[in-house]
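Asks: Please see the structure below; I have some questions.
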Amino acid sequence: MLLRRALQRRPITTSLKRAQPGKPGTLILLRHGESTWNAGKLFTGWVDVDLSARGRREMEHAAQLMLERGYKVDAVYTSVLKRAVTSTMVLLAELRQTYRPVVKDWRLNERHYGALQGLSKARLAKELGGDKATRIRASFDDRPPEMPADHTLSPLRERKYDGVERARIPLAESLRDCLERVRPLWHENIRKDLLAGHDVLVVAHGNSLRGLVKEIDGIDDSAIEKVAVPNGIPLVYRFEQVNNELKVVKGESDVISGEFLEERGLLRTALAREEKRRTGDDEDAPVSGEAELTPLERSLATLESRRRVFADLAGSEETPEPSPGKADAVLATRRKRRHRRHLRKALPGEPDPPPLLVIIRHGKTTHNKLGLFTGWEDAPLAPEGRREASEAGALMAAHGIKLDVVYTSWLSRAIETAWLALAPLDMVWLPIVKTWRLNERMYGALTGLSKKMIQQEYGDAQFRKWRRGYAERPPAVSPFSPHYPGNDERYTTYAHDLPVSFLQSAIRSIAHGRIEEHPALPRAESLKDCMERVTPYYIDTIQKALDERKNVLVASSENAIRGLLMHLCEIPEDRVPEIEIPTGIPMLFDFERRCVRLLDDGQSPAPRERYNFGTGGDLLFTPSDSDATFDPHVRLDDEFIVDEVDAECDKEIAADLEAVQRVEQFYGVRGHLAARPSSPTDC
């Protein structure tokens, strides 16, 4: 049930306008950045490990290559594994395209390596011999021994696959199996998006990308074993449409038609050099002053500096140092005592608790720090804002909160807050629904201006009306201003639930020499206007998810949250401007008492006293039953939160031992692959 909405078998085309009739889109395939287990040379497969620091820089570099060539994407597909999802996040942030729709589909997961997962490739090669170990990884039809269902690393234990039929979840796969599950996604989704003229980015894994390459280029079963897609280098395919069919445009290679945007092999050495410069270990590092660069200029300058390193390496004997090998990773995971913290389930005879609604304002931005009107301006998170978002996720994890779906705006500060909060929860695989209706209030001609300057120029009374008045709109922004949302691609491409502006449609049709329909986007909004778009969206969309017993996170901006809380807490309109919403603080809505509660973080004073909720803050925390003893905090020791050591510990140890025994028996090596913990307390 949890993944049903995200995995609907339909192309993203249904939410996009056609780009150029008759011209297919471009396809960009990208393998995720280096993971922590890639660095340790471990069999990874479906184990949900994250990117290494180098992997993140590889993704930034991939985005810079795309920016240099002018590539944009209309839609993104990725797997549900953390290293691919995080790669997508890093890439879109660097491209300044976080608002793009992203589909997370388990069928793009890496090949499942069965009982080999978590074992050292180097150790297995030593025991079996290099040629045999290579055949295990590259053979088209051979499957490794299956992972026991009760194993610590079994996908059957992971909530992200609850919406997938159990029979479809593999416990081991051959390369053929992996490619077969990728094929339907190509035909049913990606291919249709390309035929509709949309540019598609797929961020996935070495073997699932092989499946797409095989399908596109018609590569023979025996030849596909030799095709490799390196980490972090975009592979670009171009197509033409012939008789309503997609035909790939052949490139220079005899094997694949796609073009790599960079020669493989030099990037990792360049990144190692870059790390030396960053830490001050490179004596030849140039010293330069800070320049005022736009985000695009900064990205291209970074790309150019790496290319200078590439030039230095040309003809050099220097090769990247291999990452040091590690002991089998499953041992490290089992030596941690498995505490599982979660909300207590209803006992027999008790009613089920209501679903959770968690609301969080984005972390602090540079505009917040400088006292600027932000509105629909896409200001990025400041470093402390990123920290606030991560700490919010860690706090939710400490309280055992599990989420099912996230709703956020089209503004990067809210999207990135959602990303960063999901990481400590280990839930980056969740579907994230983005909508302009959760955007901040549109401040019109005030956007980007200093609040102090406006207060001084127009007086305190007018300033308060524009900033805090319920029905007062600020001056409208010019439709020719860069602050007008109609000049931003995200709104003209994805905003389909707005009426047409006949005036703007006429102006832009004349300017562009073709008939265009332009949505009636706001040029300024009062708090009332903001609430009137937020409340219907909550009732029509978010409430439906709650009715389906889904736990929901809403990551948005202050005025959108004000409007939402005005509806939920039944706050009078004349009191709403008195409410302040602090950045980065998760707020839990109590449906029974119709008020807000805060998650206790163990610090003193408690969050309610520590953070500023404005002079009308009590309106948020007063329960509908006016209980004088009501505590606005959810305490870490509340009775409905359970903290227990996993009772399955003994079963897990047995399954771990069984996995190693299966590998040793299957490949004819005994007692060499891994030692095992000696007591249940190690699990």
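Asks: If we keep just the residues of segment 230-245 that are part of a loop (DSSP other than H, G, I, E, B) and at pLDDT 90 or above, which is nearest to Pro184 (Cα to Cα)?
Replies: Let us first name the residues in segment 230-245 that are part of a loop (DSSP other than H, G, I, E, B), namely 230, 232-234, 238, 243-244.
Subsequent filtering for residues that are at pLDDT 90 or above retains 230, 232-234, 238.
Values: Pro230: 24, Gly232: 25, Ile233: 25, Pro234: 23, Arg238: 20 Å.
So the residue we want is Arg238.
Asks: Yes or no: segment 473-494 includes at least one residue that is more than 21 Å from Glu377 (Cβ to Cβ), of a type outside the set (A, V, I, L, M) and exposed (fewer than 15 other Cβ atoms within 10 Å of the Cβ). Don't jump to the end; show me each part of the working.
Replies: Residues of segment 473-494 that are more than 21 Å from Glu377 (Cβ to Cβ), as a first pass: none.
No - not one qualifying residue is present in segment 473-494.
Asks: Got a sec? Which of Gly393, Gly385, Gly371 is at pLDDT 95 or above and within 30 Å of Ser450 (Cα to Cα)?
Replies: Criteria check complete, one pass: Gly385.
Asks: When you check Val634 against the structure, is it within 24 Å of Pro355 (Cβ to Cβ), in contact with a helix residue (DSSP H, G or I) (Cβ under 8 Å, 6 or more places away or on another chain) and at pLDDT 80 or above, yes or no?
Replies: no
Asks: Can you tell me which residue is nearest to the chain's Cα centre (by Cα) among those in segment 364-385 that are assigned to a loop (DSSP other than H, G, I, E, B) and under 23 Å from Pro431 (Cα atoms)? So that I can check it myself, show each step before the final result.
Replies: Narrowing segment 364-385 to residues assigned to a loop (DSSP other than H, G, I, E, B): 364, 371, 373-380, 382.
With the extra rule that they be under 23 Å from Pro431 (Cα atoms), the set shrinks to 378, 380.
Values: Asp378: 18, Pro380: 16 Å.
By that ranking, first place goes to Pro380.
Condition check ((1) at pLDDT 95 or above; (2) charged (D, E, K, R); (3) not in a loop (DSSP other than H, G, I, E, B)) across all residues:
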{"site": "Lys23", "(1), (2), (3)": "no, yes, no"}
{"site": "Val49", "(1), (2), (3)": "no, no, no"}
{"site": "Met59", "(1), (2), (3)": "yes, no, yes"}
{"site": "Val85", "(1), (2), (3)": "yes, no, yes"}
{"site": "Met89", "(1), (2), (3)": "yes, no, yes"}
{"site": "Leu92", "(1), (2), (3)": "yes, no, yes"}
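Asks: Another question about this same structure. Scan segment 44-66 and report the pairs whose first residue is more than 30 Å from Pro148 (Cβ to Cβ) and whose second residue is acidic (Asp, Glu), with Cβ atoms within less than 7 Å and a gap of 6+ or a chain change.
Replies: Here the result reads Arg54/Glu34; Glu58/Glu34; Glu60/Glu94; Ala63/Glu94; Gln64/Glu94; Leu65/Glu262, each pair linking segment 44-66 to a residue that is acidic (Asp, Glu).
Asks: Limited to segment 198-222, what total is found for residues that are touching a helix residue (DSSP H, G or I) at 6+ places or on another chain (Cβ under 9 Å) and of a type in the set (Gly, Ala, Ser)?
Replies: Number of matching residues: 3.
Asks: Okay, moving on. Of the residues that make up segment 450-467, is at least one of a type in the set (D, E, K, R), touching a helix residue (DSSP H, G or I) at 6+ places or on another chain (Cβ under 7 Å), farther than 30 Å from Pro572 by Cβ and assigned by TED's automatic domain parsing to the domain that holds Leu553?
Replies: Within segment 450-467, not a single residue is of a type in the set (D, E, K, R), touching a helix residue (DSSP H, G or I) at 6+ places or on another chain (Cβ under 7 Å), farther than 30 Å from Pro572 by Cβ and assigned by TED's automatic domain parsing to the domain that holds Leu553.
Asks: Which members of segment 107-148 meet the condition of being modelled with pLDDT of 90 or more, out of contact with any Ser or Thr (no Cβ under 9 Å at 6 or more places or on another chain) and farther than 24 Å from Val85 by Cβ?
Replies: Result: Ala115, Pro145, Glu146.
Asks: Somewhere in segment 148-157, is a residue in contact with an Asp or Glu (Cβ under 7 Å, 6 or more places away or on another chain) and assigned to a helix (DSSP H, G or I)?
Replies: no
Asks: Show me the helices (runs of 4 or more DSSP H) found entirely inside segment 386-493 where at least 1 residues are aromatic (Phe, Trp, Tyr), over 30 Å from Leu51 (Cα atoms) and free of Cβ contacts under 8 Å to residues at least 60 places away in the same chain.
Replies: Because the criterion is at least 1 residues that are aromatic (Phe, Trp, Tyr), over 30 Å from Leu51 (Cα atoms) and free of Cβ contacts under 8 Å to residues at least 60 places away in the same chain, the helices (runs of 4 or more DSSP H) in segment 386-493 that meet it are 451-458, 460-468.
Asks: Right, next: How many residues does segment 94-135 contain that are closer than 20 Å to Leu179 by Cβ, assigned to a helix (DSSP H, G or I) and touching a residue at least 40 places away in the same chain (Cβ under 8 Å)?
Replies: Residues meeting the conditions: 5.
Asks: Mind listing whichever residues of segment 228-248 are of a type in the set (A, V, I, L, M, F, W, C), touching a residue at least 12 places away in the same chain (Cβ under 8 Å) and surrounded by fewer than 16 Cβ atoms within 10 Å (Cβ to Cβ)?
Replies: Ala228
Asks: Can Leu153 be described as under 30 Å from Gly25 (Cβ atoms), crowded, with 19+ Cβ neighbours inside 10 Å and aliphatic (A, V, I, L, M)? Even if it seems obvious, please write down each step before you answer.
Replies: On the way: under 30 Å from Gly25 (Cβ atoms): no; crowded, with 19+ Cβ neighbours inside 10 Å: yes; aliphatic (A, V, I, L, M): yes.
So Leu153 does not fit the description; no.
Asks: Scan segment 185-194 and give yes if some residue there is at pLDDT 95 or above, in contact with a Gly (Cβ under 6 Å, 6 or more places away or on another chain) and farther than 24 Å from Gly118 by Cβ, otherwise no.
Replies: Yes, segment 185-194 contains a residue that is at pLDDT 95 or above, in contact with a Gly (Cβ under 6 Å, 6 or more places away or on another chain) and farther than 24 Å from Gly118 by Cβ.
Asks: Taking only segment 358-372 into account, find how many residues are surrounded by 22 or more Cβ atoms within 10 Å (Cβ to Cβ) and small (Gly, Ala, Ser).
Replies: Summing the residues that are surrounded by 22 or more Cβ atoms within 10 Å (Cβ to Cβ) and small (Gly, Ala, Ser) in segment 358-372 gives 1.
Asks: Quick test of your reading of the structure: Ile454 fulfils all but one of (1) within 30 Å of Val73 (Cβ to Cβ); (2) surrounded by 14 or more Cβ atoms within 10 Å (Cβ to Cβ); (3) β-branched (Val, Ile, Thr). Name the failing condition by number.
Replies: For Ile454, the failing item is (1).
Asks: Moving on. As an exercise: evaluate Ile224 against (1) surrounded by 19 or more Cβ atoms within 10 Å (Cβ to Cβ); (2) modelled with pLDDT of 90 or more and give the number of the one condition it does not meet.
Replies: Status for Ile224: all satisfied but (2).
Asks: Further question: Go through segment 171-212 and count every residue that is assigned to a helix (DSSP H, G or I) and closer than 15 Å to Arg107 by Cα. Talk me through it step by step, then tell me what you get.
Replies: So the first thing to find is which residues in segment 171-212 are assigned to a helix (DSSP H, G or I), and the list is 175-195, 206-212.
Restricting the remaining residues to those that are closer than 15 Å to Arg107 by Cα gives 175-190, 206-212.
Total satisfying the criteria: 23.
The values are calculated or read from the model by the stated rules, or taken from the named source; none is laboratory data. Just so we're clear, the structure is a prediction, and the values are computed from it rather than from any experiment. Virtual Cβ from ideal backbone geometry, glycine too; neighbours counted across all protein chains shown.
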